[in-house]
Amino acid sequence: MEKKRLDDHEAATISSPRSLDRFGFLVRPDASTSDGLVKSRSAQFERIREDRRVRKWRKMIGVGGSDWKHYLRKKPHVVKRRIRKGIPDCLRGLVWQLISGSRDLLLMNPGVYEQLVIYETSASELDIIRDISRTFPSHVFFQQRHGPGQRSLYNVLKAYSVFDRDVGYVQGMGFLAGLLLLYMSEEDAFWLLVALLKGAVHAPMEGLYLTGLPLVQQYLFQFEHLVQEHLPKLGEHFAQEMINPSMYASQWFITVFSYSFPFHLALRIWDVFLFEGVKIVFKVGLALLKYCHDDLVKLPFEKLIHALKNFPQDAMNPDILLPLAYSIKISRRLEELRQEYEKKNGKITQSRELTEEQTVQRL
């Protein structure tokens with residue numbers, strides 16, 4: 001009887017479109033809504049603006065992405081500016097594949113994903129099954145036990161754990177794969193995960209998930225120094241209260257803000273992350289602390305920990321937060337801190353970028 005009630009509840013939840021936001025996440029019944037007339041006018045204006053943006057993007061990428069590389073070579077600054085403004089949601093899946101290099105990996109490896117899913121076994125299968133329901137539990141696609149969303153997520157994570165047995169499976173990977181599956185097929189999501197972790201375009205990120213999380217340790221070292229340099233008063237307050245980045249920022253890096261941040265903000269960050277690399281995670285983190293600086297410097301330890309995991313709603317507005325993040329210049333200093341970390345700790349992360357050919361050779 002209990003199972004029947006639970007199944008009925010799932011079915012009711014899934015079939016109730018009124019309770020979902022535009023991305024497919026459940027909306028709390030008490031969620032505030034704006035004035036109907038203002039909302040209607042705003043929505044109409046947004047539709048017109050979005051249609052115009054979509055037309056520009058379609059012209060830029062061509063049919064199925066056929067013009068993308070040519071346009072990128074010809075007008076890289078235009079591409080960067082448009083990505084920072086946000087990729088149109090209807091084109092996001094395709095553009096993410098183009099800017100990450102995953103489309104090329106897919107075309108070079110026909111049938112490989114199917115081989116990994118169907119014919120290989122993984123030591124991580126039970127761990128993956130255990131964690132599936134914890135990935136975006138409030139999204140309609142992943143809610144149904146053993147439904148299409150959970151099956152797709154299992155397949156992608158299982159395939160990656162076989163593809164790279166050194167990494168295998170770590171829980172945070174589910175949020176990356178889950179986010180990708182909302183915008184593309186299983187096979188496309190798998191190759192984008194490969195592109196990210198193996199470094200098809202940017203530096204490899206597999207160190208986020210290797211034993212000991214070596215890349216996380218490096219990122220936290222860099223971030224702590226950047227906080228001290230860009231926000232010295234807050235950095236000093238953190239030191240006095242014995243707050244270090246591992247207490248609040250680890251998930252930022254491990255899931256690229258997809259774990260606990262508002263989805264509309266996470267998507268905008270991912271647009272930039274896939275094109276410009278991990279430095280946007282540092283910039284957004286610094287921008288958040290800068291925006292909330294005056295409040296944070298007054299808080300004692302307990303309240304500080306809570307505030308660093310529960311930022312105010314206005315701080316999560318992408319149109320406010322992201323321009324602030326873009327204004328923070330850290331590229332050169334990030335590289336200096338990486339070298340300093342490696343000198344201090346020994347080179348424990350792979351610094352060379354795997355080319356697509358090298359990635360294929362690992363199959």
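Checked against the criteria, G168 counts as at positive phi and in contact with a helix residue (DSSP H, G or I) (Cβ under 8 Å, 6 or more places away or on another chain). The residue that is surrounded by the most Cβ atoms within 10 Å (Cβ to Cβ), among those in region 194-253 that are among the aromatic types (F, W, Y) and part of a helix (DSSP H, G or I), is Y219.
Note on region 124-139: residues that are open to solvent by less than 40 Å² (accessible area, probe 1.4 Å) and part of a helix (DSSP H, G or I) total 3.
When L322 is tested against (1) open to solvent by 10 Å² or more (accessible area, probe 1.4 Å); (2) outside any loop (DSSP other than H, G, I, E, B); (3) farther than 24 Å from Y209 by Cα; (4) of a type outside the set (D, E, K, R), exactly one condition is not met: (1). Answer yes or no: is there a residue in region 203-214 that is of a type outside the set (A, V, I, L, M) and more than 13 Å from V167 (Cβ to Cβ). Checking region 203-214: not a single residue is of a type outside the set (A, V, I, L, M) and more than 13 Å from V167 (Cβ to Cβ). Of all residues in region 284-311, those satisfying the criterion of being surrounded by 12 or more Cβ atoms within 10 Å (Cβ to Cβ) and either small (G, A, S) or not in a helix (DSSP H, G or I) (or both) are G285, A287, C292, V297, L299, A307, F311.
In region 68-84, the residue that is farthest from the chain's Cα centre (by Cα) out of those that are open to solvent by less than 70 Å² (accessible area, probe 1.4 Å) and free of Cβ contacts under 8 Å to residues at least 24 places away in the same chain is Y71. Condition first: of a type in the set (F, W, Y), modelled with pLDDT of 95 or more and over 17 Å from A123 (Cβ atoms). Can you find one or more residues in region 185-201 that meet it? Yes, region 185-201 has at least one match.
Within region 173-186, take every residue that is outside any helix (DSSP H, G or I) and touching a helix residue (DSSP H, G or I) at 6+ places or on another chain (Cβ under 6 Å) and give me the one that is surrounded by the most Cβ atoms within 10 Å (Cβ to Cβ).
Y183
Within region 213-257, which residues are among the small types (G, A, S) and more than 30 Å from G178 (Cα to Cα)? Within region 213-257, G235, A239 meet the criteria. Of the conditions (1) modelled with pLDDT under 95; (2) open to solvent by less than 90 Å² (accessible area, probe 1.4 Å), K347 satisfies every one except a single condition; which number is it? That leaves (2) as the condition not met.
Is it true that R55 is farther than 30 Å from R145 by Cβ and among the charged types (D, E, K, R)? Break it down stepwise before answering.
On the way: farther than 30 Å from R145 by Cβ: yes; among the charged types (D, E, K, R): yes.
Taking the combined requirement at face value, the residue satisfies it.
Check region 266-275 and report whether any residue there is crowded, with 19+ Cβ neighbours inside 10 Å and more than 26 Å from D21 (Cα to Cα). Don't jump to the end; show me each part of the working.
Residues of region 266-275 crowded, with 19+ Cβ neighbours inside 10 Å: 266-275.
Subset that is more than 26 Å from D21 (Cα to Cα): 275.
So far as region 266-275 goes, yes, one or more of its residues are crowded, with 19+ Cβ neighbours inside 10 Å and more than 26 Å from D21 (Cα to Cα).
Per-residue answers, yes or no, for (1) within 18 Å of the chain's Cα centre (by Cα); (2) in a helix (DSSP H, G or I); (3) surrounded by 19 or more Cβ atoms within 10 Å (Cβ to Cβ):
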| position | (1), (2), (3) |
| --- | --- |
| L106 | no, yes, yes |
| S122 | no, no, yes |
| V167 | no, no, yes |
| D188 | yes, yes, yes |
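I87 fulfils the conditions (1) assigned to a loop (DSSP other than H, G, I, E, B); (2) open to solvent by 20 Å² or more (accessible area, probe 1.4 Å) except for a single criterion, (2).
When the criteria are applied in full, I128 meets the requirement of being under 23 Å from S258 (Cα atoms) and touching a Lys or Arg at 6+ places or on another chain (Cβ under 7 Å). Counting only residues that are farther than 12 Å from D271 by Cα and open to solvent by less than 40 Å² (accessible area, probe 1.4 Å), region 90-104 holds 2 of them. For region 39-55, filtering for residues that are modelled with pLDDT of 90 or more and surrounded by 12 or more Cβ atoms within 10 Å (Cβ to Cβ) leaves 2.
The values are calculated or read from the model by the stated rules, or taken from the named source; none is laboratory data. Treat the numbers as computed from the prediction; the structure is a model and nothing was measured. Cβ atoms come from the backbone with ideal geometry, glycine included; neighbour counts cover every protein chain shown. Protein only, heavy atoms only, side chains kept; ligands, DNA and RNA dropped before computing areas. Shrake-Rupley method; radii C 1.70, N 1.55, O 1.52, S 1.80 Å.
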